[in-house]
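Read-outs: derived from the displayed coordinates by stated rules, not from any lab. Since we're looking at a predicted model, the values are computed, not measured. So basically every Cβ, Gly included, is an ideal-geometry build from the backbone, and we count neighbours across all protein chains shown.
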């Protein structure tokens, strides 16, 4: 019989996830703002200021989606009797909205509208990096994956 992994009592949690593993949007937002400024610095002199605007829009859309995902996951984890179907429908609806907006902008405002996808991709890479750093530190601290 195995026991479930339970964090120590002094580690705050979000459901079953230690909160230091949850992506802090306080870190991601200024980094995304710097990426957006860099997008303007690079794209505007090249003659694509509208693409820079859409890149920033993609960054904002990605940050909004991440915040909504975290809020939804926290509600799902905190509910006494979580309804997986309702959670899945909410996730599907949010993804449909974000994807539909991005595809609509990309198709109606070609080629500059395609920068929305670049912004969304940049935010996803940023979120993965920000989330993985504390995870790797925690794994190193606990000795997981180290040779015996």
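Ordered by the number of other Cβ atoms lying within 10 Å of each residue's own Cβ, fewest first, 54, 129, 40 fall into the sequence 129, 40, 54.
Taking Rh as the Kirkwood radius, which is the inverse of the mean 1/r over Cα pairs, what is the Rg/Rh value for the stretch 24-132?
A ratio of 1.06.
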